[in-house]
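Data first, discussion second: the structure below is written as C-alpha cells.
Throughout, read-outs are computed from the coordinates displayed, never taken from laboratory work. Every value quoted in this text rests on a predicted model; they were computed, and no experiment measured them. FYI the Cβ positions are ideal-geometry reconstructions off the backbone, even for glycines, and counts take in every protein chain you see.
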Amino acid sequence: LSYQPPAAGPGPSAYGAPPQTYLVWSILNLIFCCLPFGIVALVFSVQAQSAITAGHWDNAVDLGNKAKGWNIAATVCGAVAVLGVLIIFGLAASHGAVNQQQNNFGP
Amino acid sequence: VTALTTRTRALAGSLRGTDRGRAGGIAAVLVVAAVVAHLLNPYRDHWLPKCPFHELTGLWCPGCGSTRSACALAHGDVASAFRHNVLFLPTLAFLVWIWAAYAVRSFVPSLADRPWARSPLALLRRPWWMVAVVVAFWVVRNVPGAPEHLLSS
C-alpha cells in the first residue's frame, strides 16, 4: 500500500479542540429511544471520529453536525413516543383497564 | 434558610458552565436515575413507556430490555441486568468510564495529564465496530431459537 497524503483543508492546527462527534448522545439515543434515527446518528458520529483520526477536521465538523441533527430528531421522536404511550395509558386507565393490571403484580 | 438558599444559588452560579459543574451535574443525574430505577418495577408499573419499535413490529431492537436491565441493576440483580439486554452493562460501564475520567480531570487538574485520566473517547480511532456490534445484536436477537440471554423476554 502506498502512502496517501491527507486531503487539503484545515487540520488539527486550525482548531483548538477536536470537533464534537456527539458519540455519547448517539449511544444514549440508541439505548433509550431505540429508533432508526439513533443508528443513523451513531454512523455519523463514528464517521466524525474517523475523520478526526484521519486529520480531516473540517469533514469532522460537517459529520458531527449531521450526527447532532439526527440526534435531535431521535430525541424529539423518542420524547413524543414516550408521551404518546403515557397519554394512551392514561386514557385506557380512565376507561377502567386498570382492573386488569392488578392481576399482573409480581411477587 | 434564606441564607442557605442564597449560598446554594451562589455555589450553583459559580459552577454553571464549568467542567466541575457539568461533572457534578451528571453525577447527580446518575444518582437520581438510580434511585428512580430502584423505585420502579417494570413487571408492576405497566405505565412505563415501551419500545415503539417492539410495539409496532414485535421484533426486539438493540435497546429493548434497557429499562428492565436498569431496574434490575438498581435492585442489585446483575444477572438479570445482563439477561434483559447483553449490551446494557458494557455500554453503561463505557459511559461511566467517560464520566469518571472527565470528573478526575475536572476536580483534580494535577492528574489531568495521566494516561488513565484521558477520555476513552480519545482512544477511539475508527469506531465502526460499534455500529457492527449494534447491528449484529439487532439481527441475532431476532433469530428464532436465539440463546435466552440474547432475547429480551
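Summing -39500 (n - 2.57) over the DSSP H runs of n ≥ 4 in chain B and dividing by its residue number, what mean residue ellipticity at 222 nm do you reach, to the nearest 500 deg cm²/dmol? Numbers along the way, then the final one.
Details: 7 runs with 90 residues, N = 153.
About -18500 deg cm²/dmol.
How far apart, in nm, are two points set 7 Å out from the Cα along the Cα-to-Cβ line at B:TRP47 and at B:VAL135?
According to this spin-label approximation, the distance is 4.0 nm.
Mind giving me the FRET efficiency for B:LEU111 and B:ALA146? R0 is 51 Å, r the Cβ-Cβ distance, nearest 0.05 is fine. Before the final figure, lay out the partial values.
On the way: r = 44 Å, r/R0 = 0.86.
With a Förster radius of 51 Å, E is 0.70.
Could you calculate the FRET efficiency of B:SER80 with B:TRP128 from 1/(1 + (r/R0)^6), where r is the beta carbon distance between them and R0 is 41 Å, rounded to 0.05?
On the way: r = 31 Å, r/R0 = 0.75.
Between B:SER80 and B:TRP128 the formula returns 0.85.
Please rank A:SER50, B:SER69, B:SER14, fewest neighbouring Cβ atoms within 10 Å first, as an exposure proxy. Before the final figure, lay out each step's value.
On the way: A:SER50 19, B:SER69 29, B:SER14 11.
Listed from fewest to most nearby Cβ atoms, that is B:SER14, A:SER50, B:SER69.
Can you tell me the dipole magnitude for segment B:1-148 around its Cα centre, using point charges on the Cβ only (Lys, Arg +1; Asp, Glu -1), in Debye to the nearest 20?
Details: 15 positive and 6 negative charges, 107 e Å.
So the dipole magnitude of segment B:1-148 works out to roughly 520 debye.
To the nearest 0.05, what FRET efficiency results for B:ARG9 and A:ALA92 with a Förster distance of 25 Å applied to their C-beta separation? Provide the component values of the computation, followed by the final result.
On the way: r = 43 Å, r/R0 = 1.70.
Efficiency for this residue pair is about 0.05.
So what is the relative contact order for chain B, in percent, with contacts set as C-alpha pairs under 8 Å and at least six apart? Intermediate results must be reported in sequence, preceding the final value.
Numbers: 126 pairs, mean separation 34.8, N = 153.
The normalised contact order for chain B reaches 23 percent.
Quick check: residue separation of B:HIS38 and B:ASP19 times 0.36 nm, minus the Cα distance between them. What number comes out in nm?
Working: separation 19, 0.36 × 19 = 6.84 nm, distance 2.85 nm.
Length difference between fully extended and current span is 4.0 nm.
How big is the charge dipole of the protein assembly as shown about its Cα centre, in debye rounded to the nearest 20, if each Lys and Arg gets +1 on its Cβ and each Asp and Glu gets -1 on its Cβ?
Working: 17 positive and 8 negative charges, 106 e Å.
Taking the Cα centre of the protein assembly as shown as origin, the dipole is about 520 debye.
Only helices at least 15 Å long along their own axis, judged from Cα atoms, and with Kyte-Doolittle mean hydropathy of 0.5 or greater: name those in chain B from DSSP H. Don't jump to the answer; show the numbers that get you there.
Numbers: long enough: B:2-15 (20 Å, 0.27); B:19-39 (30 Å, 1.29); B:88-107 (28 Å, 1.46); B:128-140 (18 Å, 2.37).
Helices meeting the criterion: B:19-39, B:88-107, B:128-140.
Give me the extension gain from B:SER119 to B:ILE26: residue separation times 0.36 nm, minus the current Cα-Cα distance, reported in nm with one decimal.
Values: separation 93, 0.36 × 93 = 33.48 nm, distance 1.54 nm.
The B:SER119-B:ILE26 span can extend by a further 31.9 nm.
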